[in-house]
Amino acid sequence: MTVADRLKEHCDAKYQAFQSKLVPNIPADTILGVRTPDMRRIAKEVNGTEEAERFLKNLPHRYYEENLVHFFLIALIKDFDACVRETERFLPYVDCWPVCDQSSPKVFTKNHEKLLPYIRKWIASDHVYTSRFGMRMLMNEFLGADFKEEYPALVAAKSGEDYYLKMMIAWYFATALAKQYDACVPFLEKNVLDTWTHNKAIQKALESFRVSEEHKEYLKTLRRKADKA
C-alpha cells in the first residue's frame, strides 16, 4: 500500500471542497480532502519504513496531501544533517502555503547555530515557498533567547509581489512585535516595508493577544494610507 492509497481511505468530499477554497492556487483535483490528524498519523505509521524511504525519493507527488505527509516525515527526522538535506530536496516542490507552514522539524530547535546559514539561504531564494519557509523558521526559532537585531532586517529586505510572500513578511513582523517589540517597531516607524505589508503587519499585531494594549494604541498611529494606483 502506498501513501496515496492510505490517504484515499480518509477522503472527505465536504472537507475537500473546503480545502480547495483555502488553497486556490493549486488544482482542486489534486486535493483529496484528508484531515491533518489523519495525515500526521499516516506519517508516523510509515516513518522509518522502506515505504517511507521510497515515498521521500518519489518526487514530485500528485496530491496535495502527499506533500503534507512528505513534510511531516521530514519533521520526524532526528539527525540534523539528514533533515536539512531532505528539506532542501523537497522545498522546490512546495507549491502552496499550508504545505510550507505546517512542518516544523524539532531537530532544528536543537541546532540553531547550524540552522542559521540555511535560513539565510532559504530567505534569499527566488522560489516563493522556499523563502516563506526560511522566514517562518526565523520567526519560529529566532525570536526568543537567540534573537539578534539583524534578523528582522533579513525579512524586511525581502522584496516581491507574491501575496503569500508578503503575508509571511507581515506575519513575521506581527509576531516579532509581540516578542521583540523594541527591536522591531523601528521598521514600522521608518517605513521600511511597502505600504500593504506595513499595514497588514499592524493589523495582525492588533489582532494578537500577545501585544500589549499600550503598544497597540501606538501601532494604530503608524498606519499608512494606501498607495495610489
Original post:
What does the charge count near Ala183 come to, summing +1 for each Lys or Arg and -1 for each Asp or Glu among other residues with Cβ under 14 Å from its Cβ?
Top reply: -2
**OP:** Normalising by the residue count of the chain, find the relative contact order in percent from Cα pairs under 8 Å and 6+ residues apart.
**Re:** 12
Subject >> Positive-end extreme of charge dipole, the chain - chosen from Tyr163, Thr109, Leu56 (charges on Cβ) >> reply: Tyr163
**OP:** Neighbouring Cβ atoms within 10 Å as the yardstick, rank Tyr15, Tyr63 fewest first.
**Re:** Tyr15, Tyr63
**OP:** Using per-residue counts of other Cβ atoms within 10 Å, averaged over each peptide, order 137-145, 97-105 from highest down.
**Re:** 97-105, 137-145
Original post:
Counting other C-beta atoms within 10 Å, which of Met39, Met168, Met1 has the fewest, and how do the rest follow?
Top reply: Met1, Met39, Met168
Original post:
What shape does region 20-178 take by its C-alpha gyration tensor, where a ≥ b ≥ c are the square roots of the eigenvalues and a/c under 1.5 counts as rounded, a/b above b/c as prolate, and the rest as oblate?
Top reply: oblate
**OP:** Obtain the nm distance between the two label points defined at Tyr15 and Phe209 by a simple spin-label model: each point lies 7 Å from its Cα along the Cα-to-C-beta direction.
**Re:** 2.6
Subject >> Filter on Lys121/Lys190; Lys114/Lys190; Lys110/Lys200; Lys110/Lys148; Lys190/Lys216 - keep pairs with C-alpha separation over 20 Å >> reply: Lys121/Lys190; Lys114/Lys190; Lys110/Lys200
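Among Leu222, Leu188, which comes first, then next, by fewest other beta-carbon atoms within 10 Å?
The order, fewest Cβ neighbours first, is Leu222, Leu188.
Assign unit charges at the C-beta atoms only (+1 for Lys and Arg, -1 for Asp and Glu), then state the dipole size of the chain relative to its Cα centre in Debye, rounded to the nearest 20.
400
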Original post:
So, counting K/R as plus one and D/E as minus one, what does the shell of residues with Cβ under 11 Å around Met1 add up to?
Top reply: -2
Subject >> Cleavage-rule hits (trypsin sites (Lys or Arg not before Pro)) in region 1-86: DSSP loop, at most 16 neighbouring Cβ within 10 angstrom >> reply: Arg35, Arg62, Lys78
Original post:
So how tilted is helix 36-46 from the main axis of the chain? Cα-based, degrees 0 to 90, rounded to 10.
Top reply: 50
Original post:
Around Ala124, with a cut-off of 13 angstrom between Cβ atoms, what is the net charge of the other residues, counting Lys and Arg +1 and Asp and Glu -1?
Top reply: +3
Subject >> Pairwise label distance in nanometres, Glu45 with Ala153, each label 7 Å out on the Cα-Cβ vector >> reply: 5.0
Original post:
For region 181-229, how big is Rg over Rh, using alpha carbon atoms and the Kirkwood form of Rh?
Top reply: 0.96
Original post:
Got the relative contact order for region 70-122 handy, in percent, Cα pairs under 8 Å and 6 or more residues apart?
Top reply: 45
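Every number here is computed from the coordinates shown, using simple stated rules; none is lab data. Here the structure is a predicted model, which is why all the values come from computation and not from measurement. All Cβ positions, even for glycine, are placed from backbone atoms using ideal geometry, and neighbour counts span all protein chains on display.
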